[in-house]
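A.B. asks: Okay, here's the structure, questions in a sec.
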Amino acid sequence: MENLNHSDIEDFKFEPVTTVAHSNIALIKYWGKRSVQMNLPAVGSISLTLDALHTQTTLQFDESLDQDVFSLNEKEFGGKELKRISDFLDLGAATKDRPKARINSRNNFPTGAGLASSASGFAALALAVNDRLGLNLNDESLSAFARMGSGSAARSIYGGFAEMKLGSKEDGSEDIAVQLYGESHWDIRLLVVVTSTEKKKLGSTEGMNRTAQSAPYYKEWISSQSSDLDEMRNAISAKDFEKVGELTEHSCFKMHGLAMSARPPILYWNAATTETIHKVWKLRQSGIPAYVTIDAGPQVKILCLPDSVDEIKKAVFEVDDVEHIIEAKPGPAAKIVTPENEIIA
Ligand code: PMV
């Protein structure tokens with residue numbers, strides 16, 4: 001966004017626009033920032049966009065407002081939630097001196113389900129801002145804009161499999177996401193096992209910063225990432241499910257092991273998280289191809305094939321405290337929706 005300035009705003013529009021973006025799960029994880037200020041990731045990452053989890057956002061600039069108004073799932077937010085949104089709009093407009101806006105977002109997953117929504121949320125908002133301010137950003141620039149809201153949001157611009165690239169330039173111009181394969185490339189499933197509905201205690205930015213400052217293996221985490229990315233790209237291309245699963249688990253445990261080694265330690269898991277991991281490994285021993293991954297929270301995401309979904313769900317529901325399981329397929333790119341196509345979640 002470094003080269004975005006006010007003169008890029010050709011066509012400021014005051015009518016509302018509605019966008020939808022889907023959440024994504026990182027198969028090769030992003031953890032750590034090379035610039036906190038510009039939100040530049042310290043490592044590249046590879047993700048799968050998920051059809052079952054989305055954010056729908058309506059954005060309307062309104063000259064009669066004296067401050068932005070942000071609501072999520074019908075609840076109005078002020079404080080740091082509102083500031084994060086307002087800062088993002090300032091960045092899009094390249095000025096704080098801009099018309100204020102109403103931003104209404106709805107997630108189709110239960111509020112407080114402990115599921116991160118920043119990826120779908122900032123991808124939907126980036127697309128809406130791009131449209132209303134007439135920024136005419138292409139997908140790569142749009143991903144860089146979404147990245148400023150949340151690193152993982154850069155990948156949610158695309159459907160299917162996406163890669164967030166690690167740039168080397170200080171201005172962040174190379175830190176963009178690209179699509180690897182569209183959603184029809186491969187029919188796989190991701191089961192989101194909700195083990196707790198509590199709000200997460202340590203946000204990803206704080207967790208990443210503490211890890212970078214104190215984890216003894218941080219350098220190795222960074223230096224070993226590019227071979228994981230290479231292997232994952234090849235495995236997805238070959239549709240080698242065992243290899244994708246093995247690399248996914250490896251990246252997950254490498255990230256969490258690293259976070260656990262921070263001072264003070266960072267542990268996002270609860271008892272049901274651990275029990276679910278063991279359940280999945282037992283299923284695997286019995287011949288069912290299923291692999292786990294976990295983000296900055298206690299939910300377990302299970303990568304599997306369509307014909308094992310029912311059996312896996314049945315086994316995982318036996319774990320105490322598993323409240324529900326959301327089944328996702330590869331999902332589509334972020335898009336603008338017309339009033340007729342709006343999704344009433
Ligand atoms: O972009 P953030 O701040 O939501 O951080 C994402 C961090 C992980 O979800 C743990 C990993 C990832 O690559 O999505």
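The values are calculated or read from the model by the stated rules, or taken from the named source; none is laboratory data. All figures in this text were calculated on a predicted structure; none of them were measured in a lab. Glycine also receives a Cβ, built like all others from the backbone with ideal geometry; neighbour counts cover every protein chain displayed.
A.B. asks: List the residue pairs whose Cβ atoms are under 8 Å apart, where the first residue sits in segment 164-192 and is under 23 Å from Q225 (Cα atoms), the second is part of a loop (DSSP other than H, G, I, E, B) and among the polar types (S, T, N, Q), and the two are 6 or more positions apart or on different chains.
C.D. replies: Matching pairs, first to second residue: G167/S173; S173/N3; E174/S168.
A.B. asks: So if I check each of A144, A124, A153, A113, which one is within 16 Å of the ligand (Cβ to nearest atom), more than 19 Å from K33 (Cα to Cα), at pLDDT 95 or above and within 16 Å of the chain's Cα centre (by Cα)?
C.D. replies: Of the residues listed, the single one that is within 16 Å of the ligand (Cβ to nearest atom), more than 19 Å from K33 (Cα to Cα), at pLDDT 95 or above and within 16 Å of the chain's Cα centre (by Cα) is A124.
A.B. asks: Follow-up. Being at pLDDT 95 or above, closer than 18 Å to V20 by Cβ and not in a loop (DSSP other than H, G, I, E, B), is that true of even one residue in segment 164-176?
C.D. replies: no
Residue-wise test of (1) within 16 Å of the ligand (Cβ to nearest atom); (2) modelled with pLDDT of 95 or more.
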residue: I9; (1), (2): no, no
residue: H22; (1), (2): yes, yes
residue: A26; (1), (2): yes, yes
residue: R34; (1), (2): yes, yes
residue: G44; (1), (2): yes, yes
residue: A101; (1), (2): no, yes
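A.B. asks: Another question, if that's okay. I need a count of the residues in segment 256-271 that are touching an Asp or Glu at 6+ places or on another chain (Cβ under 9 Å), part of a helix (DSSP H, G or I) and within 16 Å of the ligand (Cβ to nearest atom).
C.D. replies: Residues that pass the stated criteria total 1.
A.B. asks: Farther than 24 Å from E170 by Cβ and touching a residue at least 40 places away in the same chain (Cβ under 8 Å), is that true of P110?
C.D. replies: Spelling it out, P110 is indeed farther than 24 Å from E170 by Cβ and touching a residue at least 40 places away in the same chain (Cβ under 8 Å).
Conditions (1) without any contact (Cβ under 8 Å) to a residue 12 or more places away in the chain; (2) more than 16 Å from T18 (Cβ to Cβ); (3) surrounded by fewer than 19 Cβ atoms within 10 Å (Cβ to Cβ), marked per residue:
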{"site": "F77", "(1), (2), (3)": "yes, yes, yes"}
{"site": "D90", "(1), (2), (3)": "yes, yes, yes"}
{"site": "A93", "(1), (2), (3)": "no, yes, no"}
{"site": "P99", "(1), (2), (3)": "no, yes, yes"}
{"site": "R102", "(1), (2), (3)": "no, no, yes"}
{"site": "R106", "(1), (2), (3)": "no, no, no"}
{"site": "S117", "(1), (2), (3)": "no, yes, no"}
{"site": "S120", "(1), (2), (3)": "no, no, no"}
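A.B. asks: In segment 262-283, is there at least one residue being surrounded by fewer than 16 Cβ atoms within 10 Å (Cβ to Cβ) and β-branched (V, I, T)?
C.D. replies: Among the residues of segment 262-283, at least one is surrounded by fewer than 16 Cβ atoms within 10 Å (Cβ to Cβ) and β-branched (V, I, T), which makes the answer yes.
A.B. asks: For segment 96-136, which residues satisfy the criterion of being basic (K, R) and in contact with a Leu (Cβ under 8 Å, 6 or more places away or on another chain)?
C.D. replies: Matches in segment 96-136: R98, K100, R102, R106, R132.
A.B. asks: To continue, here is another question. Taking segment 237-263 on its own, how many of its residues are over 20 Å from V194 (Cα atoms) and either touching a His at 6+ places or on another chain (Cβ under 6 Å) or without any contact (Cβ under 8 Å) to a residue 40 or more places away in the chain (or both)?
C.D. replies: The qualifying residues number 5.
A.B. asks: Ok, one more. Looking at segment 14-35, I want the residues that are closer than 19 Å to W221 by Cα and have a partner that is modelled with pLDDT under 95 and more than 9 Å from the ligand (Cβ to nearest atom) with Cβ atoms under 8 Å, at least 6 apart or on another chain. Which pairs are those?
C.D. replies: S35/E170; S35/G172
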